[in-house]
């Protein structure tokens, strides 16, 4: 059930304003000398290596993926495939990127920041709704978490200017053994075998996971505030326009249409599908661009720009569709 039965775009706008206010705290802390841009990698690792896995395991240990969640995930994967192909064609034949920039452009136009920003958005739009949060986490891991850590790595390696060969062992380690993926499968197995959640030790363990997960919203907001950079007029060109159109508008619309094919659109899942499909570019685009030799400057600009533009596109999509 939506927040106070308000139209969907109202809680979405509330989320955006809350997130802006929290991200602004990072700017204040930078001004006070408490935080600096050098802390961004540390906060990012805190999110991906501890806080997000804690939240994922805690929520997934209580639920199991349903047919609706799997269908919604497949719809987003289908939309990623379509927008990724379009991004490749436009990037290569229209914009004429070099190889490294083309890889970054494809990644930024294909994979949204569902795993980081998605749970935060869901907790505002569906307050105190564990089912909605678990559904969102399931979709985010199946539709983006696994693809970006496998196919995304392959894209980055293939187009990276310094790459010479594909290290399958490294890809396996990154895609399967990274903490959010491990937490997802571990939590799913815990739920599948109906393992207990209470008892002296287990109550302490799951209580620690629960309170750790609460910090995700603040940490993501701080990370966003620390990575914001001033944009020049020249940065608002064709690459940004195409990337934002594909990722923030076309992808969620395609996902909605693909999910309609299943013939069993369900209210909450339908809302989550639209909102999660409209997330800005994943910060992992920057991480993989740095690691595998793609265009880091372009990655940073596209990630930050799509994050800013989503302030407008998310409420508009929510208003039009719901």
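FYI, it's all coordinate maths here, none of it is from the lab. Fair warning: this is a prediction, and the values are worked out from it, not measured in the lab. Note: ideal-geometry Cβ built from the backbone for every residue, glycine included; neighbour counts use all protein chains shown.
Before moving on, here are some points about what is shown:
- Mean Cβ neighbour count within 10 Å, used as a protection proxy, ranking 207-215, 249-257 highest first: 249-257, 207-215
- Virtual spin-label span in nm between residue 308 and residue 192, 7 Å along Cα→Cβ: 4.5
- Potential extension, residue 201-residue 261 segment - 0.36 nm per residue separation minus Cα distance: 17.0 nm
- Using the Cβ-Cβ distance between residue 182 and residue 28 with R0 = 41 Å, the FRET efficiency computed as 1/(1 + (r/R0)^6) comes to roughly 0.70.
- On the basis of the beta-carbon distance and an R0 of 25 Å, residue 158 and residue 94 show a calculated FRET efficiency of 0.80.
- The chain: angle of helix 296-321 to the longest principal axis, Cα-based, in degrees nearest 10: 60
- Inverse of mean 1/r across different Cα pairs in region 260-310, Kirkwood, Å: 12.8
- 0 to 90° range, to nearest 10: angle between helix 251-260 axis and the chain longest Cα axis: 50
- 222 nm mean residue ellipticity, helices alone, for the chain (DSSP H n ≥ 4; -39,500 (n - 2.57); rounded to 500): -22000 deg cm²/dmol
- Highest to lowest packing among 302-314, 52-64, scored as the average C-beta count within 10 Å: 52-64, 302-314
- Principal-axis tilt of helix 200-214 within the chain, Cα atoms, nearest 10 degrees: 40
- Sorted on the mean count of surrounding Cβ atoms within 10 Å across their residues, most packed first, peptides 277-288, 96-107, 126-137, 185-196 read 277-288, 96-107, 126-137, 185-196.
- Dimensionless Rg/Rh of region 3-321 - Kirkwood Rh, Rg from C-alpha atoms: 0.95
- Per residue, the convex hull volume that the Cα atoms of region 191-322 enclose (Å³): 186
- Length released on extending from residue 290 to residue 130, taking residue separation times 0.36 nm less the Cα-Cα span: 54.0 nm
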